[in-house]
1. Which residue out of A:Ala91, A:Ala101, A:Ala97 is assigned to a loop (DSSP other than H, G, I, E, B), in the same structural domain as A:Ile51 (by TED's automatic domain parsing) and not acidic (Asp, Glu)?
2. When residues of the range A:347-368 are filtered for being assigned to a loop (DSSP other than H, G, I, E, B) and without any contact (Cβ under 8 Å) to a residue 60 or more places away in the chain, how many remain?
3. What number of residues within the range A:5-49 are β-branched (Val, Ile, Thr), within 12 Å of RNA strand B (Cβ to nearest atom) and not in a strand (DSSP E or B)?
4. Tell me the residue from A:Gly411, A:Gly382 that is within 16 Å of RNA strand B (Cβ to nearest atom), in a helix (DSSP H, G or I) and under 38 Å from the mean Cα position of the chain (by Cα), please.
5. Hey, among A:Asp147, A:Asp80, A:Asp61, which residue is free of Cβ contacts under 8 Å to residues at least 60 places away in the same chain, crowded, with 18+ Cβ neighbours inside 10 Å and in contact with a strand residue (DSSP E or B) (Cβ under 7 Å, 6 or more places away or on another chain)?
6. Is there a residue in the range A:334-346 that is closer than 24 Å to A:Arg56 by Cβ and in contact (Cβ under 8 Å) with a residue 40 or more places away in the chain?
7. Please list, ordered by first then second residue, the pairs with beta carbon atoms under 8 Å, 6 or more apart or interchain, first in the range A:244-256 and among the aliphatic types (A, V, I, L, M), second assigned to a helix (DSSP H, G or I).
8. Having 2 or more residues that are near RNA strand B (Cβ under 8 Å from one of its atoms) and on the phi < 0 side of the Ramachandran plot is the bar; report the helices (runs of 4 or more DSSP H) wholly within the range A:264-346 that clear it.
Amino acid sequence: MPLRVYNVLQREKVDFVPLHEGKVNMYVCGPTVYDHSHLGHAKAYISFDMIVRYLRFSGYDVLYVQNLTDVGHLLESGEDRILKKARQASALPMQIAETYARSYFADMDALGVVRPDISPRASAHIPEQIEMIETLLRKGHAYVAEDGVYFDVSSWPEYGKLSRRRLEEQETGSRRLKGSGKRSPEDFALWILAPEDHILQWNSPWGRGYPGWHIECSAMSRKYLGDTFDIHGGGIDNIFPHNECEIAQSEAANGVPFARYWLLVGSLTVNGQKMSKSLGNFVTIKDALARYRPEVIRTFMFQAHYTNPIDFSDEALRAAERGWERLASAVRLVRSRLRNAPEEGENTFAQVIRAHREQFIAAMDDDFNAPAALGVLQAFTGEVNKLLNSGEPVNKATLAAIEALYSDLGGQVLGIIPKDEAHGVDMRLTDALIRLLIEIRAQARAEKNFARADQIRNQLRALGVILEDRPEGTTYRLE
RNA sequence: GGCGUCGUAGCCAAGUGGCAAGGCAGAGGUCUGCAAAACCUUCACCGUGGGUUCGAUUCCCACCGACGCCUCCA
């Protein structure tokens, strides 16, 4: 079964066939680094992380580019976001960009999001943007006005093909003419001439100024991925005008199709409303990580299909946490049993493992259906628990194969099953100490000294170590 | 007003033209010194009204409702 993806450009699920066999070039709109990221950003980037991980798992050589916007992203007032923050913080704009770029990467690292291969910054690609604007001017798709350079939307009939909106249908009364030099309200800025005191400005053929927001993605994706590339990702909320403008600019300038597959992520909502900076209903990633493990946050995100919106609540996070615990407990038990499992014997569970592996892959091949894939892992876990509780000895080959499925699919692809932790020096000592206490407690239990046994269990519990008595002995887990 | 997405059990949610995954919560049970975990059993006629069909939750139409975008946001 080939990989199928929902291509927003066609509004339907289609076979995914990359431009160059075995190779995927992918661009995702990154954040504007003017503040700490919130869970809405987490949903978007965790989704694409899952997609990239799965593409690589499937054998594709993926080149993943995700930009950082540090200039040109204007507020409605016309003020640059970064500049506004810089003024508030009495800092240089690039200090702000640097601060929040680091914050962003720290958050993504903590969430287990694999870094993009290239994270180009808009401010570091001014020449590329200028070059593209010059091409657009030369081809008659842009014009120079007294306050900057604008893209002439009327020169590009395909404008609107992604978001499926035609400008004449829009309520034009509500939009205002931001740039006085605009010929038409829907035209958008490519280059904005800066006032003398504006801190961010570069030389250009049209005078000192700075680039418009949309042009950076066109220029940088072209530089690193080429005129035509495979996947363009982003949040659905940016489909218009941002993504629409990107397509128009790029195709008008390059004369060839831009991204071939558009994958857009549904928004994260809070009480049914979009989580966003402007609404003020956001939870930062740092706050969320203080309360939930990264694997739990990822599991939560994967409970709905990436194209759908997902509603945030502590209740929902806790439900995800309990569900994740079920998986993690089984993995922990498998790894623990693996340590002294009988060597001899074949993998007796091969059928079940193969069946679930295939189901998982079938789910993911169907437009990265992580919720269904998660369901497969849960169903598999039911089988594993039954096996482990059967009282029959389970040999090493079987346990290793089970562990491999969890590590490959839950770990490598979804990033929700952590690696076996009991390896570092600290962890080895901790492990040995806990085992010592478990042994002492076992003696107490054998002597029916339950008060002492419970004391050990309760005090360990207070330290975040949870003991579980099983037929074959006591296991522990760290909270 | 325009464009678009969505409406499945108490909650989250996948999915299919032919007896509706999975998780959380709940109920009963097994195991356990107790606990925890796990396992077993139990819990839906898929927003409303039409239409197409042998048969629709799944396709079409209408309506109702929610949300997103049209103005900065992933």
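1. After applying the criteria, what remains is A:Ala91.
2. Residues flagged as assigned to a loop (DSSP other than H, G, I, E, B) and without any contact (Cβ under 8 Å) to a residue 60 or more places away in the chain within the range A:347-368 amount to 3.
3. 3
4. Step by step, each of A:Gly411, A:Gly382 is checked, and only A:Gly382 is within 16 Å of RNA strand B (Cβ to nearest atom), in a helix (DSSP H, G or I) and under 38 Å from the mean Cα position of the chain (by Cα).
5. That would be A:Asp147, the only listed residue that is free of Cβ contacts under 8 Å to residues at least 60 places away in the same chain, crowded, with 18+ Cβ neighbours inside 10 Å and in contact with a strand residue (DSSP E or B) (Cβ under 7 Å, 6 or more places away or on another chain).
6. no
7. A:Ala248/A:Val153; A:Ala252/A:Leu136; A:Ala252/A:Ser155; A:Ala253/A:Met132; A:Ala253/A:Thr135; A:Ala253/A:Leu136; A:Ala253/A:Ser218
8. Output list reads A:314-338.
The values are calculated or read from the model by the stated rules, or taken from the named source; none is laboratory data. Please read these numbers as outputs of a predicted model, since none were measured by experiment. Please note: Cβ atoms are built from the backbone with ideal geometry, for glycine as well, and neighbour counts cover all protein chains shown.
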